[in-house]
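The values are calculated or read from the model by the stated rules, or taken from the named source; none is laboratory data. Computed from a predicted model, the values in this text were never measured in an experiment. Glycine gets a Cβ as well: all are built from the backbone with ideal geometry, and neighbour counts include every protein chain shown. Only protein heavy atoms, including side chains, enter the accessible area calculation; ligands, DNA and RNA are left aside. Shrake-Rupley method; radii C 1.70, N 1.55, O 1.52, S 1.80 Å.
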Amino acid sequence: TPCEHSFPTRRSSDLREVNVTTRITYDIYKKYCRFNLFRGKLYKVQPILIYIIGALIIPLTLYLGFSYGFDTMDIVAIVVLPIILISITYSMFIAPKVYYKSAKNIGAINKFNFSEGYMTTESISELANGFSKVMYSALHKVYEIDDMIFVFISKSQAFIIPKKDCSSQGIIDLREILKSNVKKYKNYSKKHRSE
């Protein structure tokens, strides 16, 4: 099965272990890229707010500038805001597709094992196979959202764990393992926050 547990009981003395097998699709990767852009509790709302602010401020600044004259702040707003909006649009909609199509290992089968002392990851594809053992102290941060867990090994690289590939109990066990071993664990999942 995609997610297995070494021990079915929940005693604190048990050594928990969670195995997850997954394959990253474009939809999963796109969601990761969008979260990675903002990385906060309001990661779903922030892009919308930025577009709304831009749509309000740019026309207003142009109107006031033509009516009363442009000052330095007006010029900065007119120049900077469109650049920000274009950058966000590229990062959210274009860059993920470009990278996904060009990446050689996309579509590989990824096998993760999370134990109390460390995690292992194995990637299996037509082009290359790879195996790594990672101590939890080497991890940068863990983020949990409603349908995924992102295990960051650096500020810009993460292992993607879709919750659909793990049972409900497996998600609870995985959360407990990571929380007890990784100092920076941010849970933005409304569904599982209280578990």
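Across the chain, counting alpha-carbon atoms alone, Rg and Dmax equal 21.2, 73 Å. The mean accessible area for residues of the range 87-195, using a 1.4 Å probe and ignoring ligands and nucleic acids, is 54 Å² per residue. Where Lys and Arg each count +1 and Asp and Glu each count -1, what net charge lies around Pro96 among other residues with Cβ under 14 Å from its Cβ? Net charge in that neighbourhood comes out at +4.
So in the chain, what percent of DSSP beta bridges are antiparallel if you round to the nearest 5? Could the numbers behind the result be given before it?
Numbers: 32 of 35 bridges.
Bridges in the chain that DSSP calls antiparallel: roughly 90 percent.
Rolled with a 1.4 Å probe across the full set of protein chains, the surface gives Leu127 an accessible area near 130 Å².
Under the √(5λ) rule applied to the eigenvalues of the Cα gyration tensor, what semi-axes describe the equivalent ellipsoid of the range 137-184? Give them in Å, descending. Present the calculation step by step, with values, prior to reporting the outcome.
Working: eigenvalues 65, 33, 10 Å².
In descending order the semi-axes read 18, 13, 7 Å.
Would you list Arg16, Arg175 from the most to the least accessible area, probe 1.4 Å?
Working: Arg16 65, Arg175 5 Å².
Descending order: Arg16, Arg175.
Rounding to the nearest 20 debye, state how big the charge dipole of the chain is about its Cα centre with +1 on each Lys and Arg Cβ and -1 on each Asp and Glu Cβ. Each step should come with its number before you reach the end.
Numbers: 27 positive and 16 negative charges, 40 e Å.
Charge dipole of the chain: 200 debye, to the nearest 20.
Keeping the other protein chains in place, figure out the carbon and sulfur percent of the accessible area of the range 78-140, with a 1.4 Å probe.
Details: 2390 of 3840 Å².
Of all accessible area on the range 78-140, carbon and sulfur atoms account for 62 percent.
Averaging the Cα positions of each part gives two centres, and for the range 68-88 and the range 101-162 these lie 40 Å apart.
Hydrodynamic estimate: the Kirkwood radius of the range 92-195 over Cα pairs, inserted into Stokes-Einstein at 25 °C and 0.890 mPa s, corresponds to D of 166 µm²/s.
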